[in-house]
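The values are calculated or read from the model by the stated rules, or taken from the named source; none is laboratory data. The shown structure was predicted, so the numbers you read here are calculated from the model rather than taken from an experiment. Side chains are part of the model used for accessible areas, which takes the heavy atoms of the whole protein and leaves out ligands, DNA and RNA. Shrake-Rupley method; radii C 1.70, N 1.55, O 1.52, S 1.80 Å.
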Amino acid sequence: MATKTSKNLEYYMGLPYTIRFQAHPRDGWYAEITELEGCFAAADTQLEVPELLEGAKEMWLMIRLERNESIPMPVPIID
């Protein structure tokens, strides 16, 4: 569920969003944050993807905050 809030970038950067990694035989690695539609990164190696995804997440969140748009909260893991 998305909510409007006055929380800042640092707050959202620290939240435990769901990350999905996928290997592609010819194209390297892909990762996305499932709750943040369109937030993804791709790289040649698995080790490069987390850093690139963190940068994509920061940009995604900054744009939403600048536009005063809602930002989804992480989906909790249910046992």
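Proximity of backbone amide H atoms, modeled 1.01 Å from N, is registered between residue 35 and 18 at under 5 Å, excluding neighbours fewer than 5 places apart on the same chain. The portion of the accessible surface of the chain made up by carbon and sulfur, rounded to a whole percent, is 54 (1.4 Å probe; DNA, RNA and ligands excluded). Potential lengthening of the chain between residue 79 and residue 18 amounts to 20.5 nm, from the contour at 0.36 nm per residue minus the alpha-carbon distance.
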